[in-house]
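Below: the structure, in structure tokens.
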Amino acid sequence: MRSSLFLLLIAICLTVFARAQDLKTGVPVSYQLPTTGPLPQMYRVTLAIVDEKKPDWIISQFTAGVVRTVTAENGGKFSEIWNGLDDNFMPVPPGTYGLKGIYMPAAKWAVDGEPHSITPRYLTSADAWRTLPGESKTPIVVGDPVNSPLGDVDVGTNGVGVFCYQYLENARNFYMADFRKPINYDQATPGYSSGGAAGGKCVATDGITAWCSETEGFVFRTDGKPFGKEDGRYRKGVHQQEGQVTAMAAWRDEAAGRSFVYLAERGRLLKDPKRYSPLESTTEKVNQIIVLDGTTAERLAELAVTEPLGIVARWGDRLWVLHKDGPGFAVSVALLKAGLPEPGLKRVLSVPEGIEPSDLEVDSHGRLYLADAKANKVLQFSADGKLLHTFGKLVAQRSGSYDPETFMSPEKLACWRDAEGKDRLIVVERQGMDRVSEWSAHDGKLMREWLSAQTFANAGYAVDPRHPEQLYIQGHGGWLMRFHVNYETGEWKAEAVWPEVCTGRFNDQHFGFPHMIYHGDTRYLAWSRGDFIYREEGDRWLASAAILTEGTGKDRKRYIWHDENGDGQVQESEYLSHLTVQPQGTQRYWGDSWLEDMSLVAIQEGAADVWRLAPESFDSHGNPVYAPDGWKKLLTDPVLEARKQGTAIATFGGNEM
């Protein structure tokens with residue numbers, strides 16, 4: 001972060017002594033702020049009452065960061081009132097006291113409209129809708145994602161769509177975006193309050209309104225307006241669904257001015273008061289398509305279908321459904337009349353064996369699209385079921401490189417038609433960087449991509465100290481990713497990905513807060529949450545060293561491990577004989593940190609000590625080697641130790657207390 005204002009606090013150049021005599025009205029304290037420079041000038045002022053003889057001892061900070069504006073009329077003269085109380089809100093004895101103060105220039109920050117003395121200067125963010133460097137616009141995507149990915153994207157026939165994250169708490173979600181515009185800050189709206197329904201895995205829009213199926217088992221309007229007469233957790237006026245909603249669709253009858261919402265429901269939801277989210281029954285199936293009025297949530301129609309997975313009603317003439325069909329899958333169609341399906345489904349495609357689809361889409365020319373995340377492909381079929389095209393260049397991304405024309409587990413689909421009448425396919429990719437990509441339905445070319453906010457930034461990222469433009473962060477599905485960041489333009493570019501790095505044995509110990517360290521010319525990623533290290537070798541990142549945990553509760557044991565044979569895998573023979581003598585309370589969810597010499601520093605919970613585990617050597621593969629008894633006390637906090645011993649003292653008026 002860079003400050004656009006002064007970083008140093010400047011002492012007010014005056015000395016004031018006040019006698020605390022009248023605690024009812026308080027003691028007025030006058031002071032002078034600078035009048036130099038253009039006026040008016042805003043400042044933030046902090047004043048503290050101190051011991052007259054020992055001014056380092058603060059008795060009361062009675063004015064903290066108040067905003068005062070110097071004008072030609074007031075000449076910079078101000079007065080505050082001290083109530084005669086100390087910082088514990090207790091009356092001080094009568095006497096003479098000193099005053100210390102600091103002030104800093106202040107200005108209103110455009111982000112929140114409040115005066116600040118130190119403000120971060122925005123440079124960039126991993127977000128397709130980021131502002132340009134130096135701009136102070138309100139961010140589009142905000143909230144705590146708790147590492148959750150995008151849930152779904154849908155687009156109306158008018159080219160206006162909605163992006164829905166699976167979870168964004170205490171902020172906004174359900175961002176509407178105009179797909180007819182270039183990808184930039186002006187393409188999207190700030191979204192709506194996430195509220196108690198912090199997100200979902202299925203979303204639908206008619207281009208005006210959007211609806212979402214929340215993971216807690218209800219459907220709601222994303223704009224917060226009532227949609228039904230039932231109540232969900234923390235959100236009133238919702239539609240309580242019967243089964244697990246696997247897909248949603250919406251269509252607006254412009255002539256009638258009416259919208260319809262279609263829900264594909266599979267297994268019955270089983271609610272458990274001990275869980276926030278209900279479970280889907282594996283034995284009791286709902287197996288239906290439900291049609292709801294888009295305004296009132298009134299149930300208008302239902303259609304029986306076996307285990308539906310995808311549903312499309314965008315074009316208003318037919319309802320397409322992807323569903324189970326014996327051991328495989330099929331796509332069937334029902335005609336729509338005034339938004340409601342006519343009885344019976346007609347099969348139009350028997351999905352070829354070996355394809356495991358997760359979603360269905362249909363463009364304006366009747367071409368069908370199936371997402372197959374396992375095969376890392378999207379398949380295009382003609383209206384009569386012939387395979388036309390396969391989207392996705394490679395079978396999988398290659399470690400240490402990045403090919404934008406190769407998917408990262410395509411799972412959700414949407415289509416829209418541009419002003420030239422050409423269809424475009426939208427793909428939500430579930431792994432890696434959580435990308436949304438757009439492809440030409442005509443020739444299969446990649447047209448553009450939306451870089452989603454990187455939701456694993458919740459647990460930090462690592463900057464290469466020798467190449468600060470390279471930034472490493474965990475991706476979805478256990479991926480590791482590297483971005484090239486241009487700090488002048490704010491552009492992020494994916495440079496390399498490593499599938500299945502943040503997985504396996506160490507995933508149980510939680511990845512988080514990576515720190516890049518060099519030993520010679522070899523790069524290491526040391527993770528502060530989980531206490532383990534990876535080593536770069538060629539186009540791979542190999543597990544290098546760690547503190548491993550076996551068992552739980554009283555049977556829990558910790559072992560020092562390093563990769564003796566250099567294969568990047570953990571074998572029991574490499575750690576079972578290395579039981580560590582580790583100070584209790586030093587390996588926690590927060591607080592551990594790696595230093596540049598690859599030593600681990602940990603604060604001991606419930607104690608005043610900080611401990612350090614340093615490598616004794618490096619083996620022939622370049623792995624750091626730690627001794628099981630290598631923990632050494634780094635320091636003891638004298639204040640915490642004094643409090644523990646009951647010997648901590650403070651002085652007041654020259655007297656010890």
Enumeration of residues in segment 404-416 that are within 19 Å of TRP498 (Cβ to Cβ) and open to solvent by 30 Å² or more (accessible area, probe 1.4 Å): PRO404, GLU405
Residue ID - farthest from VAL45 (Cα to Cα), chosen from residues in segment 82-101 that are in a loop (DSSP other than H, G, I, E, B) and either touching an Asp or Glu at 6+ places or on another chain (Cβ under 6 Å) or open to solvent by less than 20 Å² (accessible area, probe 1.4 Å) (or both): GLY95
Subset of segment 309-323 that is more than 34 Å from the chain's Cα centre (by Cα) and charged (D, E, K, R) - its residue that is surrounded by the most Cβ atoms within 10 Å (Cβ to Cβ): ARG318
Residue in segment 464-474 that is open to solvent by less than 60 Å² (accessible area, probe 1.4 Å) and touching an Asp or Glu at 6+ places or on another chain (Cβ under 7 Å) present: yes
Complete set of residues in segment 102-124 that are assigned to a loop (DSSP other than H, G, I, E, B) and hydroxyl-bearing (Ser, Thr, Tyr): SER117, THR119, TYR122, THR124
Cβ-Cβ under 7 Å pairs, at least 6 apart or on other chains, segment 224-253 side among the hydrophobic types (A, V, I, L, M, F, W, C), far side open to solvent by 40 Å² or more (accessible area, probe 1.4 Å): VAL238/GLU230; VAL238/ASP231
Of the criteria (1) open to solvent by 20 Å² or more (accessible area, probe 1.4 Å); (2) at pLDDT 95 or above; (3) small (Gly, Ala, Ser), which one SER193 fails: (2)
Pairs where the first residue, in segment 132-157, is open to solvent by 30 Å² or more (accessible area, probe 1.4 Å) and the second is in a strand (DSSP E or B) and at pLDDT below 90, C-beta under 7 Å, 6+ apart: GLY143/GLU169; ASP144/GLU169; VAL146/GLU169
Filtered residues of segment 63-81 (kept if exposed (fewer than 15 other Cβ atoms within 10 Å of the Cβ) and in contact with an Asp or Glu (Cβ under 7 Å, 6 or more places away or on another chain)): none
Hits in segment 567-576 - residues which are open to solvent by 80 Å² or more (accessible area, probe 1.4 Å) and modelled with pLDDT of 90 or more: GLN569, GLU572, SER573
Residue selected from segment 275-292 under the condition among the charged types (D, E, K, R) and closer than 20 Å to GLY200 by Cβ, by the criterion modelled with the highest pLDDT: GLU280
Where a residue in segment 355-369 is in contact (Cβ under 8 Å) with a residue 60 or more places away in the chain and farther than 22 Å from VAL395 by Cα and its partner, wherever it lies, is among the aliphatic types (A, V, I, L, M) and open to solvent by 10 Å² or more (accessible area, probe 1.4 Å), with Cβ under 7 Å and at least six apart: ARG367/ALA383; ARG367/LEU388
Filter result (open to solvent by 50 Å² or more (accessible area, probe 1.4 Å) and either touching a residue at least 24 places away in the same chain (Cβ under 8 Å) or assigned to a loop (DSSP other than H, G, I, E, B) (or both)) within segment 290-299: THR295, THR296, GLU298
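Which of the residues that make up segment 183-221 are of a type in the set (Asp, Glu) and out of contact with any Ser or Thr (no Cβ under 8 Å at 6 or more places or on another chain)?
The answer is ASP186, GLU214.
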Scope segment 186-226; condition of a type in the set (Gly, Ala, Ser), under 21 Å from the mean Cα position of the chain (by Cα) and assigned to a loop (DSSP other than H, G, I, E, B); matching residues: GLY191, SER194, GLY195, GLY196, ALA197, ALA198, GLY199
Considering residues of segment 34-49 that are β-branched (Val, Ile, Thr) and at pLDDT 90 or above only, the residue surrounded by the fewest Cβ atoms within 10 Å (Cβ to Cβ): THR35
Answer from ALA453, ALA419 - the residue that is in a loop (DSSP other than H, G, I, E, B), closer than 19 Å to LYS201 by Cβ and small (Gly, Ala, Ser): ALA453
In segment 227-273, the residues that are open to solvent by 30 Å² or more (accessible area, probe 1.4 Å), at positive phi and more than 29 Å from the chain's Cα centre (by Cα): GLY257
From GLY200, GLY217, residue being touching a Leu at 6+ places or on another chain (Cβ under 7 Å) and at pLDDT below 95: GLY217
Residues located in segment 366-381, provided they are surrounded by 15 or more Cβ atoms within 10 Å (Cβ to Cβ) and either of a type in the set (A, V, I, L, M, F, W, C) or not in a strand (DSSP E or B) (or both): GLY366, ARG367, LEU368, LEU370, ALA371, ALA373, ALA375, ASN376, VAL378, LEU379, PHE381
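Determine which member of the set LEU579, LEU548 is out of contact with any Pro (no Cβ under 9 Å at 6 or more places or on another chain) and among the aliphatic types (A, V, I, L, M).
One residue alone meets the criteria, LEU548.
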Where a residue in segment 629-657 is under 17 Å from VAL50 (Cβ atoms) and its partner, wherever it lies, is at pLDDT below 85 and assigned to a strand (DSSP E or B), with Cβ under 8 Å and at least six apart: ALA650/GLU656; MET657/THR651
Any chance THR215 is open to solvent by less than 40 Å² (accessible area, probe 1.4 Å), in contact with a Gly (Cβ under 9 Å, 6 or more places away or on another chain) and either in contact (Cβ under 8 Å) with a residue 40 or more places away in the chain or closer than 26 Å to TYR276 by Cβ (or both): no
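The values are calculated or read from the model by the stated rules, or taken from the named source; none is laboratory data. What you see is a predicted model, and the numbers here were worked out from it, not measured in a lab. Cβ atoms come from the backbone with ideal geometry, glycine included; neighbour counts cover every protein chain shown. The protein model used for the area step is the full one, side chains on, heavy atoms only, and it has no ligands, DNA or RNA in it. Shrake-Rupley method; radii C 1.70, N 1.55, O 1.52, S 1.80 Å.
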